[in-house]
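Have a look at the structure below before the remarks.
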Amino acid sequence: MKEVVNPDSETRLYIFLSKAARRVVRWYGLSKELESLSSRIFQEVDFNATEPFYYLPGALQQGKFNLFLVCPATANTVAKIVNGIADTLITNSVAQATKANVPTYILPVDQTQGRITTILPSGKALELETRQIDLENVRMLSSMRSIHVLQNSSEIKSISTGSSTVKP
């Protein structure tokens, strides 16, 4: 993200943290890193509101953003999106963005079949196996209008430079 949001860039980054993301950021000690990327950091209060207040779903509907990036997206978030459940700030914002045809980029964490290793805040490695249902949900997500599924975080830079394509 630092490559995308540098002092010479015209890109303005707004960071919206779900309630779960706020806990993860705290566990991994990433608050200072986020603050170095943007002074515009908002935390979910409910599916429509943040602290400090910013009405993200409405801003997306009104075209105030060129794109919406969800990174990372948990299996739970992906499942809600593909099933039309809009009960969190992020899932409601995706629903509103796609209704308004705002290009929406999503980086699902569970999109590779097999075992993955993740590192816990303690530094300990944890092996997990991606469930079949999670892979099916990512496949369905990739076929949704206005949504582009990212394969890895390196693709984010191509979004900000406009060299990535989105389905109409």
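Each value in this text was obtained by applying a stated rule to the coordinates, not by laboratory testing. For clarity, every value in this text was computed on a predicted model and none was experimentally measured. Please note: Cβ atoms are built from the backbone with ideal geometry, for glycine as well, and neighbour counts cover all protein chains shown.
Computed quantities for the displayed model
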{"read-out": "Relative contact order [Cα under 8 Å, 6+ residues apart], the chain, whole percent", "value": "19 percent"}
{"read-out": "Virtual spin-label span in nm between LYS19 and SER39, 7 Å along Cα→Cβ", "value": "3.0 nm"}
{"read-out": "Total lysine pairs under 25 Å (Cα atoms) in segment 15-158, excluding pairs fewer than 8 apart on one chain", "value": "12"}
{"read-out": "Shape category assigned to the chain from the gyration tensor of Cα positions, a/c cut at 1.5", "value": "rounded"}
